[in-house]
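Encoded as structure tokens, the structure appears first; notes follow it.
The values are calculated or read from the model by the stated rules, or taken from the named source; none is laboratory data. Model, not experiment: these values are computed from the prediction. We place every Cβ from the backbone using ideal geometry, glycine too, and count neighbours over all the protein chains shown.
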Amino acid sequence: MDTPIPDAPPNAEQIEYWNGAVGLRWLAYNDWLDERTAAYGRAAFAAAAPQPGECVLDIGCGAGATTFELARAVGPDGAATGIDISAPLLGRARERAAALGLAVEFLEADASRPPFAPQRFDLLFSRFGVMFFDDPAAAFAELHKTLKPGGRIAFACWQDPQLNDWYERPLAAIAHILERAPVDTRQPGPFAFSDPDHIREVLAAAGFAQVELAPFATPFYLGRGASREAMADDAMEQVFRVGPIARLLEPQSEQVQAQARGAIRASLLELADDHGLEVGGAIWVVTARAG
Ligand SMILES: C[S@@+](CC[C@H](N)C(=O)[O-])C[C@H]1O[C@@H](n2cnc3c(N)ncnc32)[C@H](O)[C@@H]1O
């Protein structure tokens with residue numbers, strides 16, 4: 001008799017993704033990414049308003065930048081925990097915590113199956129770490145159980161791709177090379193929570209109440225450097241190494257990649273000025289209460 005093949009665990013693809021070459025590339029570009037996403041994290045942090053003495057969880061904490069901010073805010077009487085599926089990023093997070101002398105706990109675990117006692121946290125927080133669940137409603141329902149009565153959640157997620165130049169501009173530049181697939185907001189990925197109705201549905205199904213979405217937009221320097229050429233090179237490194245455009249181009253032939261590189265570079269170069277190569281970015285700052 002054949003042995004039944006066990007079902008893959010939830011989020012198996014993402015676990016492989018964030019522990020493989022992508023996790024290592026995120027690690028290599030972590031300081032760069034931290035700087036570029038800092039303003040979005042601050043917007044979500046302000047909405048979260050962590051208080052001294054609170055117990056907080058940073059979902060999809062990556063290399064820990066926001067977990068450290070949370071730890072500072074809750075102080076010695078509180079506790080900050082980061083959870084992530086990426087061993088390489090958590091390794092960096094632990095090193096940074098030791099260097100900073102911060103008592104922060106980092107757990108390698110799937111946040112859709114949070115390994116915590118019920119009602120442990122006052123606050124669930126995330127900067128771009130909640131858009132990668134196979135089944136978001138189930139994941140948020142499990143996360144909801146970890147909140148104390150009256151506890152809250154606050155997270156940052158990207159708005160519609162059309163509002164995000166860092167994605168839209170390179171993609172438009174290669175429209176003549178690669179057919180554009182519509183963004184599927186029901187699939188895990190950076191834009192999985194771009195549709196406000198979808199966010200509200202998921203959070204309501206998971207048991208959250210008082211769901212609010214506040215738009216926040218600010219540009220950031222995709223490229224920096226001493227010259228416009230250097231800025232474009234810096235931006236190109238990022239576009240081709242991490243994120244959705246890199247993922248789109250990776251399986252393409254060398255010829256297509258070379259064509260795409262030329263087209264994207266030319267388009268980005270137009271944005272470079274004396275200060276840097278600036279692109280627009282727009283997020284939702286989502287807040288809700290344990291229902
Ligand atoms: C876009 S990165 C953001 C990382 C970090 N929050 C930051 O702002 O630098 C997304 C993170 O979510 C993590 N992640 C994806 N799916 C996850 C899951 N099911 N449970 C926990 N972490 C997950 C990834 O490993 C990655 O570190």
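Determine, yes or no, whether THR67 is β-branched (Val, Ile, Thr) and more than 11 Å from the ligand (Cβ to nearest atom). It would help to see each step written out before you state the result.
Numbers: β-branched (Val, Ile, Thr): yes; more than 11 Å from the ligand (Cβ to nearest atom): no.
No; evaluated as a whole, the condition is false for this residue.
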Practice task
Answer yes if at least one residue in the range 192-211 is buried (at least 16 other Cβ atoms within 10 Å of the Cβ), of a type in the set (Asp, Glu) and either over 17 Å from the mean Cα position of the chain (by Cα) or away from the ligand (no atom under 16 Å from the Cβ) (or both), and no otherwise.
Solution key: yes
Handout entry: Qualifying positions in the range 260-276 - among the charged types (D, E, K, R) and under 27 Å from the mean Cα position of the chain (by Cα)
Key = ARG261, ARG265
Problem - Top-ranked residue of the range 30-64 - restricted to ones that are aliphatic (A, V, I, L, M) and near the ligand (Cβ under 7 Å from one of its atoms), ranked as nearest to VAL279 (Cα to Cα) - result: LEU33
Exercise for the section: Could you please let me know if GLU201 is modelled with pLDDT of 95 or more, assigned to a strand (DSSP E or B), over 24 Å from TRP18 (Cα atoms) and of a type outside the set (A, V, I, L, M, F, W, C)? Expected result: no
Problem - Scan of the range 266-277 for residues that are out of contact with any Lys or Arg (no Cβ under 8 Å at 6 or more places or on another chain) and modelled with pLDDT of 95 or more, ordered by number - result: ALA266, GLU270
Handout entry: Residue ranges of strands (runs of 3 or more DSSP E) in the range 73-189 with at least 1 members in contact (Cβ under 8 Å) with a residue 60 or more places away in the chain, in contact with a helix residue (DSSP H, G or I) (Cβ under 9 Å, 6 or more places away or on another chain) and within 16 Å of the ligand (Cβ to nearest atom)
Key = 79-84, 121-127, 147-158
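Kindly establish whether GLN257 is more than 22 Å from the chain's Cα centre (by Cα), within 25 Å of GLN14 (Cβ to Cβ) and assigned to a helix (DSSP H, G or I). Give the steps one after another, and end with the answer.
On the way: more than 22 Å from the chain's Cα centre (by Cα): yes; within 25 Å of GLN14 (Cβ to Cβ): yes; assigned to a helix (DSSP H, G or I): yes.
For GLN257, the condition - more than 22 Å from the chain's Cα centre (by Cα), within 25 Å of GLN14 (Cβ to Cβ) and assigned to a helix (DSSP H, G or I) - is met.
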Practice task
Answer yes or no: is there a residue in the range 222-229 that is out of contact with any helix residue (DSSP H, G or I) (no Cβ under 8 Å at 6 or more places or on another chain), in a loop (DSSP other than H, G, I, E, B) and hydrophobic (A, V, I, L, M, F, W, C).
Solution key: yes
Problem - Residues being in a helix (DSSP H, G or I) and in contact with a strand residue (DSSP E or B) (Cβ under 6 Å, 6 or more places away or on another chain) - total across the range 58-72 - result: 4
Handout entry: Test result for THR37, crowded, with 20+ Cβ neighbours inside 10 Å and polar (S, T, N, Q)
Key = no
